[in-house]
1. Quick one: ranking ASP46, ASP234 by accessible area, 1.4 Å probe, largest first, what do you get?
2. Show that you can apply the helix-only estimate: for the chain, add -39,500 (n - 2.57) for every DSSP H stretch of four or more residues, divide by all residues, and state [θ] at 222 nm to the nearest 500.
3. Among DSSP bridges having both ends in the chain, what percentage is antiparallel? Round to the nearest 5.
4. Considering only LEU174, LEU31, LEU67, give the residue with the highest GNM mean-square fluctuation for the chain, with springs between Cα atoms whenever their separation is below 10 Å.
5. Can you pull the percent of Cα pairs in the chain with separation above 31 Å?
6. Give me the distance between the Cα centres of the range 1-70 and the range 94-160, rounded to whole Å.
7. Which links in LYS45/LYS156; LYS12/LYS34; LYS35/LYS158; LYS34/LYS145 stretch past 20 Å when you go from one Cα to the other?
8. GNM, the chain, Cα, under 10 Å: largest mean-square fluctuation among ASN114, ASN140, ASN77?
Amino acid sequence: MEITSANNPRYKSWLKALEGRGIKKQGQAVLAGKKFLQEVLAGHKDRVLALLAREGMPCPAPENVPLYTMPGELFENLDIYGTGAPLMLISAPEPPAWPGRLEQGITLFLPFQNPINLGTIIRSAAALGAQVVATTEAANIYHPKTLRAAGPGIFKAKIMQGPSLSELAGLTGLPLFALGLNGSNLFRFKFPATFGLVAGMEGPGLEEIWPQENMLTIPMQPGVESLNAGAAVDMALGAILAGAG
């Protein structure tokens with residue numbers, strides 16, 4: 001099917017699917033990435049609503065997956081990363097609510113407002129078998145930058161929508177440990193079989209609201225103030241899983 005005008009209702013809806021409010025309202029998002037295309041179609045075809053391509057662009061569409069083509073200038077407005085490859089319009093349902101209990105293994109609580117950090121850790125969680133709870137502070141999990149960083153991991157990780165950081169800090173009776181600058185040495189800590197690891201927001205962290213006895217820190221050399229939030233979680237996951245092995 002061919003889209004010829006920027007005033008086409010479908011095309012307008014795809015543009016809205018590039019930003020958080022439109023994603024939430026429409027329940028659809030745009031996933032870019034040439035290397036992701038075949039993997040998503042092979043393993044998660046049920047989440048693909050359509051393929052979007054520039055006129056003349058090779059794009060073999062599987063059965064029952066609509067293909068929409070359009071002039072270059074219209075396609076470039078959707079291809080915000082300049083991939084020059086077909087785009088996928090995917091379903092973007094709201095994640096289920098976190099039930100307030102922890103399942104076996106690691107549950108990551110992520111408040112990242114930087115969608116790249118959020119997507120990077122979702123990708124790591126999918127690879128390592130950890131569950132993800134996006135807190136109310138977090139970016140939309142289907143933001144284009146989140147999807148770009150997470151890739152097919154967005155479909156593989158178990159993702160839930162959680163409470164705010166302050167609400168988490170007020171919970172008692174759950175093994176919830178937060179990453180911060182002042183706490184017990186994470187590399188020496190003995191984690192239980194089931195626990196939650198809570199990341200701080202980029203910048204303010206968690207020191208003001210989190211119980212000190214449940215705070216963990218990654219030791220750093222003098223003069224280094226902090227790690228990138230996403231890098232800290234990745235490092236913590238690696239250390240935890242190495243210790244478990």
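The values are calculated or read from the model by the stated rules, or taken from the named source; none is laboratory data. It should be emphasised that the depicted structure is a prediction, and the values quoted were computed from it without experimental measurement. Every residue, glycine as well, gets a Cβ built from its backbone with ideal geometry; the counts of neighbours run over all protein chains shown. For accessibility, only protein heavy atoms count, side chains too; no ligands or nucleic acids. Shrake-Rupley method; radii C 1.70, N 1.55, O 1.52, S 1.80 Å.
1. Most to least solvent-accessible, the answer reads ASP46, ASP234.
2. -9000 deg cm²/dmol
3. Working: 8 of 33 bridges.
That works out to approximately 25 percent antiparallel.
4. Evaluated over the chain, the most mobile residue of the options is LEU174.
5. More than 31 Å apart: 31 percent of the Cα pairs in the chain.
6. Centre-to-centre distance over Cα atoms comes out at 22 Å.
7. From the list (LYS45/LYS156; LYS12/LYS34; LYS35/LYS158; LYS34/LYS145), the Cα-Cα distance tops 20 Å for LYS12/LYS34; LYS35/LYS158.
8. ASN77
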